[in-house]
Each structure stands twice: as structure tokens, then as C-alpha cells.
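Just below is one structure, and these are the notes that go with it.
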């Protein structure tokens, strides 16, 4: 799994035309088929979760939800959140043999989410790392 700088959004405050605030969007990309599956699951899970908490969404780019980095950091800090992710993934797959790769992937994502600043955004891309650079 890799994290990639995607773009920079510029927002202009209407009451002060001269002041601009830039927000960097980071994209998490998969490097293999297992990570593609994990990222796809996390995208769907977060989409359902953020229906209740719409303030977690920064914007939408190319049909991908971009989440506030602070929202994801707070979510991934909680062990219960990661356990809910793992339980849902196992239920969706109908059982698995080993939990280690799942939790390892979630920990990797947690580490990636620590990179962006609090005011930036993070999106989980449906593309794999190799597809993105074709």
C-alpha cells in the first residue's frame, strides 16, 4: 500500500478575497490484489459510517469520497473501530484462516493516515498503484 499526493484544493473565503487556504488531498493506493480488496471494503465501510457523520467528508473527487484527515485519525485511533472493520471484513468474506494480514493492512493504513496534516484530506482509491501510473 502506498500514499500519494493527489492534488491541492484552493478555497477562497468570500469575506476576504485575498486570503486563501490550501488543502492537500492524499490518495491511498493498493499494491496487490489483497490490498485492493481491503481498500474497497474500507471505502464502502466508511461511506456507510459517514452517512451518520457527514462532517467527516471533505469533498468528492471522481466519485471517490475524500475524508477529513482528522476524522480518519480519530477513527483509526480507536481499537473498537479497527475491530469493527475486521469483523465486517471477515463476515463479508465468509470467514478467513488468519487475522494477521487484515490487521497488518489496517495498521499500515493507520500509519499512512498519520502523514497528512489535520486540515488535509484522504481518499481510498479504487485503482491499484500500478494502474494509477499507466
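The values are calculated or read from the model by the stated rules, or taken from the named source; none is laboratory data. Since the structure is predicted, the reported quantities are computational estimates derived from the model, not experimental observations. Here the Cβ is made from the backbone with ideal geometry for all residues, glycine too, and neighbour counts use every protein chain on show.
Take residue 79 and tell me if it is more than 13 Å from the chain's Cα centre (by Cα) and either closer than 24 Å to residue 92 by Cβ or surrounded by 15 or more Cβ atoms within 10 Å (Cβ to Cβ) (or both). The answer is yes for residue 79.
Suppose we filter the stretch 22-36 for residues that are part of a strand (DSSP E or B) and out of contact with any strand residue (DSSP E or B) (no Cβ under 9 Å at 6 or more places or on another chain); how many remain? The qualifying residues number 0. Within the stretch 4-21, is even one residue over 14 Å from residue 124 (Cα atoms), touching a strand residue (DSSP E or B) at 6+ places or on another chain (Cβ under 8 Å), modelled with pLDDT under 85 and surrounded by 15 or more Cβ atoms within 10 Å (Cβ to Cβ)? Checking the stretch 4-21: at least one residue is over 14 Å from residue 124 (Cα atoms), touching a strand residue (DSSP E or B) at 6+ places or on another chain (Cβ under 8 Å), modelled with pLDDT under 85 and surrounded by 15 or more Cβ atoms within 10 Å (Cβ to Cβ).
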